[in-house]
Ligand code: SAM
């Protein structure tokens, strides 16, 4: 019986057969542990009626596990050298489509309309290229795609930031941006030894379950995110100091800022990292008339 693509021996054989050399600049660290791949797919909760979108299939280690579990897999791969390899390794699976494209430039919504028209349940499942983890996650969330959620492997440090709660050292504007759209949980920590080549950082898997509507209702989404970013700009500074130095003409509008904080019921001496997402929503709504 042919071994799974992810088995170290088969991966080695595929790489040798095709004379493939890794490109560090594309975040190419391939998984060589079938158990971990199966667990990732388990966390996605796929059924035979589900669809999956993968970012960066590499030589197909995760793609193969997904193809065995669900009805259709569409994968975006930026590196053209991998296309003939995937044709070879995944030749026995008709339910796949590989798109040779940078996912950051892709019209994923249009692809979904075409490829998943008859599939209701779609998950993004990926071992992300680490140099672009955050832009990829934010693109997929901000586009409000009709997906149930995402199960993704990424740097542990970024996974900590995404799933952090108020008051923790990892809590910041990334935690709020992701948790605004989804419920985030870290489900697994993964050692460096299960990749080739071995990355310099530890990894983790997070599951994002999309909310039906955002965690909070705000007057203006862009301004809400701006207030969050500004509030974390210098973590040692108090909220009022970050807001006056970060918002446009903030210094001249200190009185308005203090008034908005009072109306929102937030002590101006607190630090941004202690505010819940609801408190940021109240604050940005009170500040909004003075800045927009
Ligand atoms: N899924 C494979 C695995 O788990 O073994 C490979 C994962 S590897 C960490 C990341 C993959 O993403 C590589 O195949 C890389 O070429 C691809 N990639 C990098 N940047 C990309 C982008 N912007 N769009 C699509 N694919 C990308």
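The values are calculated or read from the model by the stated rules, or taken from the named source; none is laboratory data. Please read all numbers here as calculations on a predicted model, not as lab measurements. Positions of Cβ are generated from backbone atoms using ideal geometry, with glycine treated the same way; all protein chains shown enter the neighbour counts.
What to note about this one:
- Identity of the residue in the stretch 79-108, more than 24 Å from residue 13 (Cβ to Cβ) and in contact (Cβ under 8 Å) with a residue 40 or more places away in the chain, that ends up surrounded by the most Cβ atoms within 10 Å (Cβ to Cβ): 103
- Subset of the stretch 279-292 (residues that are closer than 22 Å to residue 236 by Cα and out of contact with any helix residue (DSSP H, G or I) (no Cβ under 7 Å at 6 or more places or on another chain)): 279
- Residue in the stretch 109-119 that is within 15 Å of the ligand (Cβ to nearest atom), buried (at least 21 other Cβ atoms within 10 Å of the Cβ) and either at pLDDT 95 or above or within 26 Å of residue 194 (Cα to Cα) (or both) present: no
- Residue satisfying all of: in the stretch 34-69; part of a loop (DSSP other than H, G, I, E, B) and near the ligand (Cβ under 10 Å from one of its atoms); surrounded by the fewest Cβ atoms within 10 Å (Cβ to Cβ) among these: 56
- Selected residue [within 24 Å of residue 139 (Cα to Cα), more than 10 Å from the ligand (Cβ to nearest atom) and surrounded by fewer than 14 Cβ atoms within 10 Å (Cβ to Cβ)] from 17, 72, 24: 24
- If only residues of the stretch 86-103 that are more than 10 Å from the ligand (Cβ to nearest atom) and either outside the structural domain of residue 114 (by TED's automatic domain parsing) or not in a loop (DSSP other than H, G, I, E, B) (or both) are counted, the one that is nearest to residue 196 (Cα to Cα) is 89.
- Long-range neighbours under 7 Å by Cβ, at least six apart or interchain, first residue in the same structural domain as residue 196 (by TED's automatic domain parsing) and touching a residue at least 24 places away in the same chain (Cβ under 8 Å) within the stretch 17-31, second part of a loop (DSSP other than H, G, I, E, B) and more than 6 Å from the ligand (Cβ to nearest atom): 20/81; 22/197; 28/22; 29/197; 29/199; 30/59; 31/6
- Test for residue 151: is it within 23 Å of residue 276 (Cβ to Cβ), in the same structural domain as residue 70 (by TED's automatic domain parsing), buried (at least 17 other Cβ atoms within 10 Å of the Cβ) and within 16 Å of the ligand (Cβ to nearest atom): no
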